[in-house]
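**Q** Starting off with a structure, shown below.
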Amino acid sequence: MEISLKPEAGRVADPWPGYFADRGHPGARRIGAGVEGVVYRLGGGQVAKVWTGRPPTELTRHVYADIAQHRLPFATPEIFQVHEHEGVVVTYERELPGVPMRGDSAHEDYERELPVQHRNALLAVLRGLASVPGTDAMRQLTVQGDDRPLWQGHDRFQDALAALVVRAMGRHGPALAVRVPDFSAGIERTLNALRSLPDAPVTAIHGDLVPPNIHTDAAGRPVAVLDFGFYTTAGDPAFEAAVTAAVWDMYGTYAEEHAAELTRFFAQELGYAPAVLTAYQAVYALTTYDLFGMDDRDGHFRWCAEQLRRNTVFSTQVS
């Protein structure tokens, strides 16, 4: 979940601080909320998350533990306990250091020039996660909106993604088709490009490296990565770079420029072929388009449609 660490005003009759006080945490304080729940600081280096969306599973704990085995230059989540209260899941977790790199571009204006420290922080995070081998627990995860483990029945990440695209189109594909020209042919072009990609290392994939999910210190260095789960899996680290370039600034005035600049930057610095990154960006749009809404009233839906219209793998309309 995307967490804002700014206290939220106007909240009354919140029962959770009392709940945590009864369990030995009298100073519990709400510090933020996102699409999946609410976070409370408990003190002593611990937070609690009250899950209103899809909660973590025991498998998630295994994934966190797999990542924590590696010496990364930034902290990652660790779940200490999982409780349930009146049907609501509550997790007790390590409080991660730092502050969000910046607010979400839907709520904060991004300047035209990409800050060097942000580019470098993203690069450090991508390199760190790419150093963590993919594990069985990661392969068993489902991605948001899907009903089965991504890798189920597949030995290659690219083939698993191709099957995911087909399933995603079976959910509400016609709603997207009316907003994207040459839609069926674009899907075939994307699937063909995906299936033709060469084998690649299989590493930990976060899948949602938007700025609020990366915490930095006063010098702009990444000190924590949080909120795994939206598209977390094991896969080609080029997929992580492609998605990160696309989602760093999704809704700002210069979003298209920023996505293109970061795609070029990651291709150059990490050695990924630009066409590979472009194919993965099309896949991301095709597999997440309907997670929050299915028409132009939803910002993410509009964003996915626009991504496909200008994606050079998907669309022949791009000049």
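**Q** All but one of (1) over 20 Å from the mean Cα position of the chain (by Cα); (2) more than 22 Å from His300 (Cα to Cα) hold for Met138; which doesn't?
**A** Condition not satisfied by Met138: (1).
**Q** Give the number of residues within the range 263-318 that are over 20 Å from the mean Cα position of the chain (by Cα), of a type in the set (Asp, Glu) and farther than 21 Å from Arg119 by Cβ.
**A** 2
**Q** Could you please tell me which pairs satisfy a Cβ distance under 7 Å, a separation of 6+ or placement on different chains, a first residue in the range 109-120 that is closer than 13 Å to Thr253 by Cα and in contact (Cβ under 8 Å) with a residue 12 or more places away in the chain, and a second residue that is open to solvent by less than 30 Å² (accessible area, probe 1.4 Å) and among the small types (Gly, Ala, Ser)?
**A** Listed pairs, sorted by first residue: Asp109/Gly252; Tyr110/Gly252.
**Q** Yes or no: the range 81-101 includes at least one residue that is under 18 Å from the mean Cα position of the chain (by Cα) and of a type in the set (Asp, Glu). If you could, list the steps in order and put the result at the bottom.
**A** Residues of the range 81-101 under 18 Å from the mean Cα position of the chain (by Cα): 96, 99-101.
Keeping just the survivors that are of a type in the set (Asp, Glu) gives none.
No; the residues of the range 81-101 include none that is under 18 Å from the mean Cα position of the chain (by Cα) and of a type in the set (Asp, Glu).
**Q** Look at the range 86-115 and say how many of its residues are of a type in the set (Val, Ile, Thr), under 22 Å from Ala75 (Cα atoms) and open to solvent by 30 Å² or more (accessible area, probe 1.4 Å). Show your work before the answer.
**A** Within the range 86-115, the first condition is being of a type in the set (Val, Ile, Thr), and the residues that meet it are 88-91, 99.
Narrowing the set further to residues that are under 22 Å from Ala75 (Cα atoms) leaves 90-91, 99.
Narrowing further to those that are open to solvent by 30 Å² or more (accessible area, probe 1.4 Å): 99.
Residues flagged as of a type in the set (Val, Ile, Thr), under 22 Å from Ala75 (Cα atoms) and open to solvent by 30 Å² or more (accessible area, probe 1.4 Å) within the range 86-115 amount to 1.
**Q** Something else: Filter the range 28-39 for residues that are assigned to a strand (DSSP E or B) and closer than 17 Å to Pro15 by Cβ; which is most open to solvent (accessible area, probe 1.4 Å)? Quick ask: steps written out before the conclusion?
**A** Filtering the range 28-39 down to residues assigned to a strand (DSSP E or B) leaves 29-34, 37-39.
After this cut, where a residue has to be closer than 17 Å to Pro15 by Cβ as well, the list is 29-31, 33, 37-39.
Numbers: Arg29: 108, Arg30: 46, Ile31: 8, Ala33: 28, Gly37: 1, Val38: 24, Val39: 7 Å².
Checked the range 28-39; the qualifying residue most open to solvent (accessible area, probe 1.4 Å) is Arg29.
**Q** For a quick check of your reading of the model, give me the residue pairs whose first member lies in the range 251-274 and is over 17 Å from Ala238 (Cβ atoms), whose second is open to solvent by 50 Å² or more (accessible area, probe 1.4 Å) and among the charged types (D, E, K, R), with beta-carbon atoms closer than 8 Å and at least 6 apart or on different chains.
**A** Gly252/Asp109; Thr253/Asp109; Thr253/Arg112; Tyr254/Glu111; Tyr254/Arg112; Glu256/Arg310; Glu257/Arg112
**Q** Grab the helices (runs of 4 or more DSSP H) fully contained in the range 103-179, keeping just those with 1 or more residues being among the polar types (S, T, N, Q). Reasoning before the result, please.
**A** Details: elements: 116-130, 136-139, 157-177.
In the range 103-179, the matching helices (runs of 4 or more DSSP H) lie at 116-130, 157-177.
**Q** Hey, another quick one. Does Ile205 meet the test of being among the aliphatic types (A, V, I, L, M) and closer than 18 Å to Ile67 by Cα? Before the answer, list the steps.
**A** Working: among the aliphatic types (A, V, I, L, M): yes; closer than 18 Å to Ile67 by Cα: yes.
Against the criterion (among the aliphatic types (A, V, I, L, M) and closer than 18 Å to Ile67 by Cα), Ile205 qualifies.
**Q** Among the residues of the range 247-303, write down those that are farther than 24 Å from Phe157 by Cα and among the hydrophobic types (A, V, I, L, M, F, W, C). Quick ask: steps written out before the conclusion?
**A** From the range 247-303, those farther than 24 Å from Phe157 by Cα are 249-258, 260-261, 292-303; that's our starting set.
Within the range 247-303, Met250, Ala255, Ala260, Phe292, Met294, Phe301, Trp303 meet the criteria.
**Q** Please go through the range 116-143 and pick out each residue that is open to solvent by 30 Å² or more (accessible area, probe 1.4 Å) and over 16 Å from Ala65 (Cβ atoms).
**A** Val116, Gln117, Arg119, Asn120, Ala124, Arg127, Ala130, Ser131, Thr142
**Q** Quickly run through the range 40-67 and pick out the residues that are over 12 Å from Arg94 (Cα atoms), open to solvent by less than 20 Å² (accessible area, probe 1.4 Å) and in a strand (DSSP E or B). Let's see the steps before the verdict.
**A** Restricting attention to the range 40-67, the residues satisfying the condition of being over 12 Å from Arg94 (Cα atoms) are 50-63, 65-67.
Okay, now just the ones that are also open to solvent by less than 20 Å² (accessible area, probe 1.4 Å), so 50, 63, 67.
Val50 - this is the single residue of the range 40-67 that is over 12 Å from Arg94 (Cα atoms), open to solvent by less than 20 Å² (accessible area, probe 1.4 Å) and in a strand (DSSP E or B).
**Q** Please state which one of Pro211, Pro237 is touching a Ser or Thr at 6+ places or on another chain (Cβ under 6 Å) and farther than 17 Å from Thr287 by Cβ. Steps first, please.
**A** Values: Pro211 fails: touching a Ser or Thr at 6+ places or on another chain (Cβ under 6 Å).
On inspection, the qualifying residue turns out to be Pro237.
The values are calculated or read from the model by the stated rules, or taken from the named source; none is laboratory data. On a predicted model such as this, the values are computed, not experimentally measured, just so you know. Cβ: placed from backbone, ideal geometry, glycine included. Neighbour counts: every protein chain shown. For the accessible areas, the whole protein counts, side chains as well, though only heavy atoms, and no ligand, DNA or RNA atoms are used. Shrake-Rupley method; radii C 1.70, N 1.55, O 1.52, S 1.80 Å.
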